[in-house]
Amino acid sequence: MYEEVAGWYAAGMDDEMAKPMYAEGLPDFLTRVLATTSTEAAEDAPIVDVGCGSADALAVLARLDRVPPLVGLEPSAAMRAAAAAKIEALPPAAASRITIRDGSTATELESGSCRGIICFFVVHHVAATDLPALFAAWSKALVAGGQIYLAAWEGEGVVDYGGKYDIDAVLHPLSALTAGLGAAGLVVDTDATHTETDPDFGMSIAIIKAHKPGL
Ligand SMILES: C[S@@+](CC[C@H](N)C(=O)[O-])C[C@H]1O[C@@H](n2cnc3c(N)ncnc32)[C@H](O)[C@@H]1O
């Protein structure tokens, strides 16, 4: 469904990355990951970006000090191609930290295999009835202390793209997202969780940080 818009989407993301949820939120997320998962056993475990699109968030993380390996899962071939182009433009050391795979929210992540999971503007493609299984899978996939950074279009009903794009999308209320993460055994970090209105789209965004309890 993103095949036709991937080029337009990837170009637009360059300006988006100045927004606080990326420019400040991603370094804060890495600080949390390093503070809670820096054990010898977890050293090589990656941060996984589920539905990474054109890999813009991964590109920000890849430039930061002490970042773990980075894996992007993305079902759209056109988006993966856009991601590859962005990664190629990074300094070689940063580019070498990122691996992009054909994958999605349905991809099984091995138990205890991730130091962190980020997922931005993807769960609107997941039905409310499927969220409990997704959050349970993330909880299982994280190492003890592992961190989640979730951003999602927020509210009730469906996303109205004005008939412009062939994209099905459903809104989830903040309360449903935080309750779902809690039900999966994750702790929502209220200091880093809020909603805000996106000035360009006029829609509400849920920004949530959560973690798996430590040892
Ligand atoms: C709005 S874009 C967000 C991309 C990226 N996370 C970002 O913030 O720029 C949504 C992305 O989710 C991908 N996608 C759609 N359904 C998905 C699913 N079930 N699991 C993972 N990704 C999915 C699309 O191909 C698209 O790249």
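The figures follow:
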{"quantity": "Options A94, A35, A59, A11; residue that is modelled with pLDDT under 95 and part of a helix (DSSP H, G or I)", "calculated": "A11"}
{"quantity": "Lone unmet requirement of (1) closer than 23 Å to Q147 by Cβ; (2) within 11 Å of the ligand (Cβ to nearest atom); (3) touching a helix residue (DSSP H, G or I) at 6+ places or on another chain (Cβ under 8 Å) for I87", "calculated": "(2)"}
{"quantity": "Identity of the residue in the range 91-123, more than 16 Å from the ligand (Cβ to nearest atom) and hydrophobic (A, V, I, L, M, F, W, C), that ends up farthest from the chain's Cα centre (by Cα)", "calculated": "A93"}
{"quantity": "Tabulated pairs, the range 124-141, first outside any helix (DSSP H, G or I), second buried (at least 18 other Cβ atoms within 10 Å of the Cβ), C-beta under 7 angstrom, 6+ apart or interchain", "calculated": "V126/T105; V126/L134"}
{"quantity": "Matching residues in the range 165-215 - criterion: being over 29 Å from G12 (Cα atoms), touching a Leu at 6+ places or on another chain (Cβ under 7 Å) and among the polar types (S, T, N, Q)", "calculated": "none"}
{"quantity": "Filtered residue count, the range 5-18, keeping only those that are away from the ligand (no atom under 11 Å from the Cβ) and without any contact (Cβ under 8 Å) to a residue 12 or more places away in the chain", "calculated": "4"}
{"quantity": "One residue from V67, V126 being near the ligand (Cβ under 8 Å from one of its atoms) and within 17 Å of the chain's Cα centre (by Cα)", "calculated": "V126"}
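The values are calculated or read from the model by the stated rules, or taken from the named source; none is laboratory data. Treat the numbers as computed from the prediction; the structure is a model and nothing was measured. Glycine also receives a Cβ, built like all others from the backbone with ideal geometry; neighbour counts cover every protein chain displayed.
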